[in-house]
Amino acid sequence: MGTQIKEAAIQWLDWGQDAFERARNEEKLILLDSGASWCHWCHVMDNVTYQDKEVVEVINEKYVPVRIDRDRLSEVDAMLQRSPSLVGGQEVGGWPLTAVLTPEGNLLYKATFLPPRADANFGMSTGLIEILLQIDSYWRDHREEINMAAQQLQRATDETQRRMFEQPGELSTELIDRIASGIKQTYESQFGGFGRSPKFYNAAALELIMRQAWAGDDEAREMIETSLENIACGGVYDQIGGGFHRYSVDEKWVLPHFEKMAYDNAAMLAVFANAYAMTGREDFGRVAAETIEWIASTLGGRGDSVGFHASQDADTDADDDGDYFTWTLNEIRSAAGEDAGPLIAYYNADAEGDVPNRPGRNVLHAPRGLEEVAAMLEMPIDRLASSVEAGRLKLRAARARRKAPTVDTTVFADVNGMLIDALITAWRRTGIEEARTMALTKLDRMLASMRDASGVFAHYVLDGNLESVGLLSDQAWMGRALVTAYTATGNGEYLASALQVAKHILGKLRADDGSFVSSTMRASQSPEYVPAVRSWDDAPVRSPSSVAACMLMDLSVLTGNLEFNEAGQRALESFAGGVDPNWGLFLGGYAMALDRLLEGPRTIWIVAPREDGATLELERAADRAFVPNVITMVLNTSAPTQKEIALRVAQKARDNPVAYICRRGGCLTPAHDADELRSRLKDLR
């Protein structure tokens, strides 16, 4: 271990023109660090590597150091993560991202965590000091060759993207089948999920498979139930406090990376709520309810912030590794008292523990069901269930007295759009009213403070200033949230705001071929400029392009404007020839958008002269069912847009509420009560 300094002497610069000008003027390379407040290994690198005296000396002498927050400058981070490097490094993405760039902006090298020097404790045969010295020397001796290689690599990258989006292809269900087949090939049948380890949720892939399960695919249903059951019982789901950790290190969903991301929790909340509605499984409903509670208590759902917070860290300090979330046997016994024995048995805790480098600390998980544990303990199952729940609440109270990991209170528009949409979906499926209240409260606040004069959303707000206005991810997800809120409330202001977002997407965020682009396209040779890109990759969440396409197609139904549907279709056509089943796991969003186009919308219009018990009963019956691509809405015939829809489906006004269930331009026999509606929904398959 090298000499440590008390405070970091590296004078990090922001990403921008000043940093690149300094690099050119001083003839130095740029060392870029991309990290986040929630990132465990970012904290480790800060304390182990960037506090090392020799590291600081090398960086200050030979490099221009630049640091970015990957959540705030997500476009910069994404550009570097997907870009190939010129002289090697680790091509696997992740954080911290450690990158070396030329003053012209060419990526020379990238890696993730690096210790100061070779260190067997970290499994590293080389360290940052050696790498930085070698790259600096190589660059100074081969600058001309590097610049030429960079130009060739950029041309090759541009050509690859061009071919991907410009191959002719026909939009058909065969494309959906190819993507679903690619997903199924990666399915791991013993513990569910996709691949071996590490295991990510791949929520968009789960959503696509769930749609196939709804349509009667027994294999898909088994995949969904096995995956969600193991996730719900695993340590990757917080058994005590609710909410999902970022991913599982192992294939059994036991040992997580402990940080909790708002976007993961939004995606998995929607998946579990919909799965609960489809299967009726109470364990799925419990997970949805507990996740709503975690969002309310930890992500500011009940607070006065403009929107929901972004994430919760894994650690409380540099020497921590998820200790807030884990337990020793003594800690369980001290907190749970007489309920400790059943709790230890049910949550599979032992003296050894299961956290590397943290002997005795247990990630609570429940690989055995209540029946098996009750038999093992020779205890009545109802008594065991009561003891486990009582003990769980005692552990939650004990954890509340611990120092909690930091919560990043930044409000990001795209993440909030995900949460608002998921919470309203969860309210529809479970009836938990607080989910709806939180979602609409945050949405109203964001409409008041996170848009420019044209109604276009900023990515976030800093010191009262709108930052990164107009990105596709923010417009797509907030547009979806607005459409979801409109159909849930009938509030015309939400529809008007969604139309402003759609106008920006159609006018500023489309390429000539109709595909959506990540940001406004403009010509620039500045090295700090991040070019707009076309992408349908679900990484780490559903692609903004697929969300935008579906949002526009829904707007077409709600407004009668066919331009929106045509825009969604053109975007899907732009990529039809580039679909590769080998990438199926990352194209679930594209397949769902294509399914939405080909199948058309499924709509449930409840036409009622007034809101009364019968109307609410019909709405509740519709909401509690999972139906893919469905738009459910109680129509207010005094609102012009809603009256027009009502006149299309209802031949005459009625004294009592009537539900019209429609698909592909035709409607089934109207339903006059909840039982009839539930029966009609079965005919939508």
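Per-residue ellipticity at 222 nm for the chain, helices alone: DSSP H runs ≥ 4 residues times -39500 (n - 2.57), over residue total, nearest 500 deg cm²/dmol?
Working: 25 runs with 335 residues, N = 685.
Roughly -15500 deg cm²/dmol at 222 nm, from the helical runs in the chain.
Roughly how many debye, to the nearest 20, is the charge dipole of region 598-644 about its Cα centre, given +1 on each Lys and Arg Cβ, -1 on each Asp and Glu Cβ, and no other charges?
In total the dipole reaches around 40 debye.
Choose one of Ile505, Leu471, Ala99: the residue whose Cα lies farthest towards the positive end of the charge dipole of the chain (beta-carbon charges +1 Lys, Arg; -1 Asp, Glu; about the Cα centre).
Ile505
Arrange Glu389, Glu282 by Cβ neighbour counts within 10 Å, fewest through most, would you?
Ordered by Cβ neighbours within 10 Å, fewest first: Glu282, Glu389.
Among Asp421, Asp304, Asp69, Asp580, which comes first, then next, by fewest other beta-carbon atoms within 10 Å?
The order, fewest Cβ neighbours first, is Asp304, Asp580, Asp69, Asp421.
Have a look at Ala220, Thr112, Val44 and report the one farthest towards the positive end of the charge dipole of the chain, computed about the Cα centre with Cβ charges (Lys/Arg +1, Asp/Glu -1).
Farthest towards the positive pole: Ala220.
Test of understanding: express the Cα radius of gyration of region 323-404 as a ratio to 2.2 N^0.38 Å, with N the residue count.
Expressed relative to 2.2 N^0.38 Å, the Cα Rg reads 1.06.
Residue by residue, what Karplus-based ³J(HN,Hα) values in Hz, rounded to whole numbers, does region 111-123 have, using 6.51, -1.76 and 1.60 with θ = phi - 60° and x for Gly and Pro?
After applying 6.51 cos²θ - 1.76 cosθ + 1.60, I find 8, 9, 5, 9, x, x, 8, 3, 8, 5, 4, 9, x Hz.
Under a point-charge model restricted to the Cβ atoms of Lys and Arg (+1) and Asp and Glu (-1), what is the dipole moment magnitude of region 602-682 relative to its Cα centre, in debye to the nearest 20? Intermediate results must be reported in sequence, preceding the final value.
On the way: 13 positive and 10 negative charges, 90 e Å.
Once rounded to the nearest 20, the dipole reads 440 debye.
Can you find, among Asn362, Leu377, Phe325, the residue farthest towards the positive end of the dipole of region 323-404? Put +1 on the C-beta of Lys and Arg, -1 on that of Asp and Glu.
Working it through, the farthest residue towards the positive pole turns out to be Phe325.
Roughly what % of DSSP beta bridges within the chain run antiparallel, to the nearest 5? Before the final figure, lay out the partial values.
Details: 36 of 51 bridges.
The antiparallel proportion sits near 70 percent.
Using modelled amide H (1.01 Å from N, peptide plane; none on Pro or chain starts), what sits under 5 Å from the amide H of Glu104, excluding residues fewer than 5 places away?
HN-HN under 5 Å from Glu104: empty list.
How big is the dipole moment of the chain about its Cα centre under a simple scheme where the beta carbon of each Lys and Arg is +1, that of each Asp and Glu is -1, and everything else is neutral? Debye, nearest 20, please.
On the way: 70 positive and 100 negative charges, 328 e Å.
About 1580 debye.
Give the cross-link partners of Lys252 among the lysines, using a straight C-alpha distance below 22 Å as the criterion and excluding same-chain residues fewer than 8 apart.
Lys184, Lys199, Lys260
Checking the cross-link filter: which lysines have an alpha carbon closer than 25 Å to that of Lys503, excluding same-chain neighbours under 8 positions apart?
Within the straight-line cut-off, Lys503 pairs with Lys442, Lys643.
Values in this text are rule-based calculations from the coordinates and carry no lab data. Being a predicted model, the structure only gives us computed values, none of them experimental. Heads up, the Cβs are rebuilt from the backbone with ideal geometry, glycines too, and the neighbour counts pull from every protein chain shown.
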